[in-house]
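Q: Take this structure, written in structure tokens, and hold onto it; I'll ask about it next.
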Amino acid sequence: MLNILKNWKNQQTAASNLESLTKEDILNGEIPEHIAIIMDGNGRWAKKRALPRVAGHHEGMKVVKRMTKLANELNVKVLTLYAFSTENWKRPKLEVDFLMKLPEEFLNIYLPELIEENVRVRLTGDPDGLPQHTKKAVENAVKSTANNDGLVLNFALNYGGRTEIVSACRQISEKVKEGKLRAEDITEEMFSAYLMTESLQDPDLLIRTSGEIRLSNFMLWQIAYSEFVFTDVLWPDFSDEHLIGAIGEYQRRGRRFGGI
Ligand code: FPP
């Protein structure tokens, strides 16, 4: 048999093994400590229903709450959600304005529950580029949940991976220029600390919904060794079962970090 066909057959067997994993098997298995999600497909979800695009974003906001609750129950340590990229400013003003109101609406509704559930809210992105009302709502949530030690709900908001790396390079270069740091002392760990994620651990699992297979400038440094799961499900349809399924897929992968 041609090698390419043999490999295909092996992949099929691995896929059917996943189907035979029960929900209980998955929940008893290794849970990724940091899950990062590119929440995509809100516009298409709305279009399928002849609704305005923003209706998809609004539905997506409810999924954010459900996934936060589930991730917390599963003892996930960090859930990073790509809510607005530095490129999303190019969208029509009406949509941008709506997206900038969503964090506020989300926190107005859910902050008391998040506090109750011991969730700590965190921001990865440039707060100064946000409208004042968005910045205020997020900063207030970060402050009021600062002492919680359950799930870290990390919103990537006004975030871009390349900008983040360039900004880290600039800060480090300044230190070298001032004689506070020697170029030869720059390490990967030190570089990571200059990124917007600072001390957060790298994502173990990256999920992107809606069938798009690209990274869209998301956590380019941090996902060097993450497992990727791409699903066709549109974000507003993403359910507990889908998250558990993605974790099952993660458990099936053998992470070797470049070793053997
Ligand atoms: C991409 O889908 C999605 C976004 C740019 C926004 C994601 C935001 C949310 C899910 C809500 C966030 C909630 C909080 C609380 C911050 P798209 O619009 O590109 O979809 P499409 O590709 O189908 O058009």
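Q: Rounding to the nearest 20 debye, state how big the charge dipole of the range 169-234 is about its Cα centre with +1 on each Lys and Arg Cβ and -1 on each Asp and Glu Cβ.
A: That gives the range 169-234 a dipole magnitude of about 320 debye.
Q: For E227, list long-range residues whose amide hydrogen, built 1.01 Å from N in the peptide plane, is under 5 Å from its own amide hydrogen.
A: Long-range HN contacts for E227: L205, L206.
Q: Where does the Debye-calculated log10 I(q)/I(0) of the chain sit at q = 0.17 Å⁻¹, using only Cα point scatterers of equal weight, no solvent?
A: Values returned for q = 0.17 Å⁻¹ are -1.42.
Q: Using a 10 Å cut-off on Cβ atoms, rank the peptides 118-128, 215-225 from the highest mean neighbour count down.
A: For the peptides 118-128, 215-225, the packing ranking is 118-128, 215-225.
Q: Sticking with this structure for a sec: Would you mind classifying the range 216-260 by shape? Square roots of the alpha carbon gyration tensor eigenvalues, ordered a ≥ b ≥ c; an a/c under 1.5 is rounded, otherwise it is prolate if a/b is larger than b/c and oblate if not.
A: oblate
Q: Let me ask something else about it. How large is the helix-only mean residue ellipticity at 222 nm for the chain, computed as the sum of -39500 (n - 2.57) over DSSP H runs with n ≥ 4, divided by its residue count, in deg cm²/dmol to the nearest 500?
A: -15500 deg cm²/dmol
Q: Could I ask something else about it? Run the numbers for N147 and R66: contour at 0.36 nm per residue of separation, minus the present Cα-Cα distance, in nm.
A: Extra length available between N147 and R66 comes to 26.9 nm.
Q: Shifting gears a bit: Heavy-atom accessible area per residue, the chain, 1.4 Å probe: how many Å²?
A: Per residue, the chain has an accessible area of 55 Å².
Q: Enumerate the amide H contacts of V121 below 5 Å, restricted to partners 5 or more residues apart or on another chain; note that Pro and chain-start residues carry no placed amide H.
A: Here T145, L153 satisfy the definition.
Q: Quick check on packing: order 145-155, 185-195 by the mean number of other C-beta atoms within 10 Å, highest mean leading.
A: Order by mean packing, descending: 145-155, 185-195.
Q: Arranged from highest to lowest average of other beta-carbon atoms within 10 Å per residue, in what order do the peptides 98-111, 35-48 appear?
A: Order by mean packing, descending: 35-48, 98-111.
Q: If you don't mind, there's one more thing I want to ask. With all protein chains present, how much of the accessible area of the chain (probe radius 1.4 Å) comes from carbon and sulfur, to the nearest whole percent?
A: The computed percentage sits at 52.
Q: Per residue of the range 82-99, in order, report the coupling 6.51 cos²θ - 1.76 cosθ + 1.60 (Karplus, θ = phi - 60°) as ³J(HN,Hα) in whole Hz, putting x for Gly and Pro.
A: 7, 9, 6, 9, 5, 7, 5, 5, 6, 6, x, 3, 4, 6, 4, 4, 5, 5
Q: Just the Cα atoms of the range 117-183: what Rg and Dmax do they give in Å?
A: 15.5, 46
Q: Turning to a different aspect of this structure: Measuring from the lowest to the highest alpha carbon on each principal axis, how far does the range 89-224 reach, largest first, in angstroms?
A: That works out to 49, 37, 31 Å along the principal axes.
Q: Let me ask another. Among K23/K65; K90/K135; K65/K143; K101/K143; K48/K136, which pairs are too far apart, with a Cα-Cα distance over 23 Å?
A: K48/K136
Q: If you take the beta carbon distance between E73 and N217 as r and set R0 to 25 Å, what does 1/(1 + (r/R0)^6) give as a FRET efficiency, to the nearest 0.05?
A: Rounded to the nearest 0.05, the efficiency is 0.20.
The values are calculated or read from the model by the stated rules, or taken from the named source; none is laboratory data. Predicted, not measured: the structure shown is a model, and the values here were computed from it. Please note: Cβ atoms are built from the backbone with ideal geometry, for glycine as well, and neighbour counts cover all protein chains shown. In case anyone asks, the SASA skips ligands and DNA or RNA and just uses the protein heavy atoms, side chains included. Shrake-Rupley method; radii C 1.70, N 1.55, O 1.52, S 1.80 Å.
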